[in-house]
Amino acid sequence: MDLDLEGVPEEDKVRLTQMIENAQRRDGARMYNSLVERCFKDCVDNFRRKTLDKTEEQCVKRCAEKFLNHFARVGMRFAELQSGASSE
């Protein structure tokens, strides 16, 4: 989806760019928070020490990897759909 901003005042372009950047930051923070919450809930089941034990650490790594791989795959699929829609 390409936006045609020809004829749009410069201050509106700047404002639009700022809104898009803020939305991207919010989405990135939301994704990170979701990752942390999900992996913590799935992998950490007690609070006996300050650090994770080996099993918890491995679980968190696996969980984060799966989450990030899934997020990347969804992003690629979205880009494919966008590319297909813009070429029509």
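Computed from the coordinates by the stated procedures, all read-outs in this text should not be read as laboratory data. Model, not experiment: these values are computed from the prediction. Virtual Cβ from ideal backbone geometry, glycine too; neighbours counted across all protein chains shown.
Assorted remarks:
- The sum of -39500 (n - 2.57) across all DSSP H runs of n ≥ 4, divided by the residue count of the chain, sets its helix-only mean residue ellipticity at 222 nm to -28000 deg cm²/dmol.
- Summarised in one figure, the compactness ratio Rg/Rh of the chain, Cα atoms and Kirkwood Rh, is 1.19.
- Applying 0.36 nm per residue to the separation of residue 20 and residue 82 and subtracting their alpha-carbon distance, the gain on full extension is 20.6 nm.
- Burial ranking of peptide ranges 74-81, 47-54 (average Cβ count within 10 Å, highest at the top): 74-81, 47-54
- Derived scalar couplings between HN and Hα for region 61-67 equal 4, 4, 4, 5, 4, 4, 4 Hz in order, rounded to whole Hz, by the Karplus curve 6.51 cos²θ - 1.76 cosθ + 1.60 (θ = phi - 60°), x for Gly and Pro.
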